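Read the structure below first, then the notes.
Please treat every number below as a calculation from the coordinates, not as lab data. Bear in mind that the values here come from a model prediction, so they are computed numbers and not experimental data. So basically every Cβ, Gly included, is an ideal-geometry build from the backbone, and we count neighbours across all protein chains shown.
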Amino acid sequence: MKKSDFYFIILFALCLFSCNSEQKFNVTGTVADSEGRTIYLEASSIEGIVPLDSMKLKKDGTFKFSYKRPESPEFYRLRIEDKVINFSVDSTELIEITALYRDFPVSYVIAGSENSAKIKELSLLQIALQKKVDALVEASEKGRINAGAFEDSLRSVIQAYKDTVRINYIFAAPNKAFAYYALFQEVNGFMIFDPFSNKDDIKCFAAVATSLNNFYPHADRSKNLYNMVIKGMKNTRIPKQKTMDVPQINESGIIDIDLKDMRGVDRKLSDLKGKVVLLDFTAYQTAVSVSHNFMLRELYDKYASQGLEIYQVSFDTDEHFWKTSADNLPWICVRDPNGVYSSAAAVYNVQKLPTYFLVNRNNELSARDENIKNLEETIKKML
């Protein structure tokens, strides 16, 4: 045998050994009553969902997946149709999951991963929150509660959820993968914890970012979370004292607002004289935004032809997100790039989002949301 051939064989053997010794994590288990269905292993990356593997389940419902173990904590999910189980992998090499197909996302048992067990708890809490929100939306749609009661109740249930998760999951163990997972849960497609404009929520992101950076400073998730915290801190930092542009007060006494809409056109509140105006301060990034705009849409569809107009001021920090969210709304949508530190927010004493006012046909402020018992009835009387 030639010497060169001998070295080639040794090199090839080493390569095979290296490939076979690659550390992998394993996910095994059973899904009862699932014969013939396909189960998927997917990665929940920063960029989105990435398919990794799949297999068709047989009569016994058993499955097994093996995949390269990540260098830092990562998130994965098992999916059957639209039913999903989320879990995380760090130093864990074997995770066992037992589930029923019928209740796949909620009734499963998971072993071998403390983080994944906590993620299950968080998922169940989020499902319970979504049910409460759905019930409030239904009650509002059917007229069982008015707009003010709806928003107060919605804000209350979301805050209660955040308090529970903040204390028991995020601050209790900010170095754990489940704390990171808790930060990014959603309701109605919006993040429950606001990393860009809520100071208390930003503290949660900062706690996890600090811990993650200590253990995994080069991980993409560490860098991404750190950047989010920096952006949030900049957005909420009290600016240095400077001369504030006070909105003009016109002859009728209304505090005028002049901002650009999505097409860059200046839209003045005072130009709407002759209409009943619902002046709404909001941020589409908040969890209540979808249901709030749904309520406004119902009012607008009913009364726009009778002289109702909505002038909605967004404090969203992300201009692209604002434009995308407001694109299909039929009323006047403007954005204040100064966010919650805008002069309009100051002079209108906006302390929470959303906050709305009613302006009569003479351009005079008539009422603030907290003083309106029944928004629809008040609008009908003003028209």
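Note on ASP266 and ASN328: the extension gain reaches 20.4 nm, defined as 0.36 nm multiplied by sequence separation minus the Cα-Cα distance.
With the simple model of a label 7 Å out from the Cα in the direction of the Cβ, HIS218 to PHE171 spans 3.5 nm. Return one number: the angle in degrees, 0 to 90 and rounded to the nearest 10, between the long axis of the Cα atoms of helix 147-165 and the longest principal axis of the Cα atoms of the chain. Computed tilt is about 30 degrees.
Cβ-Cβ distance of GLU377 and THR210, R₀ of 41 Å, FRET efficiency by 1/(1 + (r/R0)^6): the value works out to about 0.25. Shape index of the chain: Rg/Rh, with Rg the Cα radius of gyration and Rh the Kirkwood radius from the inverse mean 1/r over Cα pairs, equals 1.09. In segment 258-382, taking the dipole from charged Cβ atoms about the Cα centre, the farthest positive-side position among SER291, VAL276, GLN312 is held by VAL276. Modelled spin-label separation between ASP200 and LYS352, with each label point placed 7 Å from Cα along the Cα-to-Cβ direction: 1.1 nm.
The stretch between THR164 and VAL109 holds 17.5 nm of extra length on full extension. This uses 0.36 nm per residue minus the Cα-Cα distance. Ellipticity at 222 nm from helices only: DSSP H runs of n ≥ 4 in the chain, each -39500 (n - 2.57), divided by the residue count, give -12000 deg cm²/dmol.
Remark: relative contact order (the chain) = 11 percent; criterion is Cα-Cα distance under 8 angstrom and separation of 6 or more residues.
Comparing mean-square fluctuations of LYS199, LYS118, LYS64 from a GNM of the chain with C-alpha springs under 10 Å, the top value falls on LYS64.
Extension gain, ARG37 to GLU186, is 50.8 nm, computed as 0.36 nm per intervening residue step minus the present C-alpha separation. Cβ crowding within 10 Å, taken as a proxy for footprinting-reagent exposure, orders VAL347, VAL31 from fewest neighbours to most as VAL347, VAL31.
As a calculated quantity, the FRET efficiency between GLN306 and ARG155 at R0 = 22 Å, using C-beta atoms, amounts to about 0.15. Measuring nothing but how far apart in sequence close Cα pairs (under 8 Å, 6+ apart) lie, relative to its length, segment 258-382 scores a relative contact order of 33 percent. The value of relative contact order for segment 120-236, using C-alpha pairs under 8 Å at least six residues apart, is 21 percent.
When the expected Rg is taken as 2.2 N^0.38 Å, what fraction or multiple of it is the alpha-carbon Rg of segment 258-382? Its radius of gyration relative to the 2.2 N^0.38 Å reference: 0.98.
The angle separating the long axis of helix 3-20 from the principal Cα axis of greatest extent in the chain is about 50 degrees.
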